[in-house]
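Structure record follows, encoded as structure tokens.
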Amino acid sequence: QCSLGRTGDLFSYQTYGVTPDVMTLAKGLGGGMPVGAMLGSEKVAAVLGLGDHGATFGGNPICAAAALAILKLLTTDMLKRVKKQGHALLKDLEPLVRYPFVRELRGVGLMIGIELTIPGAPFVEACRAKGLLINCTQGNVLRFLPPLAISDKDRRWAMQILAKAFEQASKTPH
């Protein structure tokens, strides 16, 4: 779910200071093109021999070029922008914590959740009706995964819609 760059680091493990033995990459790597990759530590690589691991889309030069373009984009200033926008979005969301049905606001980079004490589906529907797509996990966690290139204008627009949904929910008995 965190994909490349979502947390503000190229790989989310870098955000948390752990080193995985194996990582798999797909959707975020291809930017819409069908591509996948498996990255492994030297320890893991040592047990794989020639032909031990195949790839459904292996060897496609167009998909490989797309993946390279994504990696080049993410290793410029894009990750700094993700961190900046993530901090801004968390700050924008802080006023919503005042509602009694908000249990917790949490997130890193552009991967943010608001845990509620009530079902989240009505918020998802209210936002969707106004053109804002969010989703709800676990029945009560509103999840925000905006585009990594979200603009300040789009972030503010989304916050206006979300604020209205929260205000409406505060007037509904729970």
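Quick notes on this structure:
- Based on alpha carbons, the Rg and Dmax found for region 5-92 are 15.3, 51 Å.
- Computed lengthening from D154 to A64, 0.36 nm per intervening residue step minus Cα-Cα distance: 29.3 nm
- Expressed per residue, the C-alpha convex hull volume of region 65-166 stands at 103 Å³.
- Taking a sphere under 11 Å around the Cβ of L79 and counting the other residues whose Cβ falls inside, with K and R at +1 and D and E at -1, yields a net charge of +3.
- Scanning the chain for DSSP H helices at least 15 Å long along the axis (C-alpha atoms) with a Kyte-Doolittle mean no lower than -1.0 picks out 61-73, 79-93, 152-170.
- Charge dipole of region 60-133 about the Cα centre (unit charges at C-beta), most positive-ward option of M78, F101, G113: M78
- Efficiency of FRET from Cβ geometry, D77 and R98, R₀ 45 Å, rounded to 0.05: 0.85
- Shape metrics for the chain, restricted to C-alpha atoms - Rg then Dmax, Å: 19.2, 63
- Added length on full extension, which subtracts the Cα-Cα distance from 0.36 nm per residue, Y13 to S41: 8.7 nm
- Fraction of accessible area attributable to carbon and sulfur, region 131-174 (%, probe 1.4 Å): 55
- Highest GNM mean-square fluctuation among A37, A64, A55, for the chain modelled with Cα contacts below 10 Å: A55.
- Straight-line reach from K130: taking Cα to Cα under 17 Å and skipping same-chain neighbours fewer than 8 places apart, the lysines in range are K153, K164.
- Under-5 Å amide H pairs with C136, H placed in peptide plane, nonlocal only: R143
- Total formal charge among the other residues, if their Cβ is under 15 angstrom from that of G40, Lys/Arg +1 and Asp/Glu -1: -2
The values are calculated or read from the model by the stated rules, or taken from the named source; none is laboratory data. Predicted model, so just to flag it, every value in this text is computed and none were measured. No Cβ is skipped: glycine too gets one built from the backbone with ideal geometry, and neighbour counts run over all protein chains shown. With ligands, DNA and RNA removed, areas are computed over all heavy atoms of the protein, side chains included. Shrake-Rupley method; radii C 1.70, N 1.55, O 1.52, S 1.80 Å.
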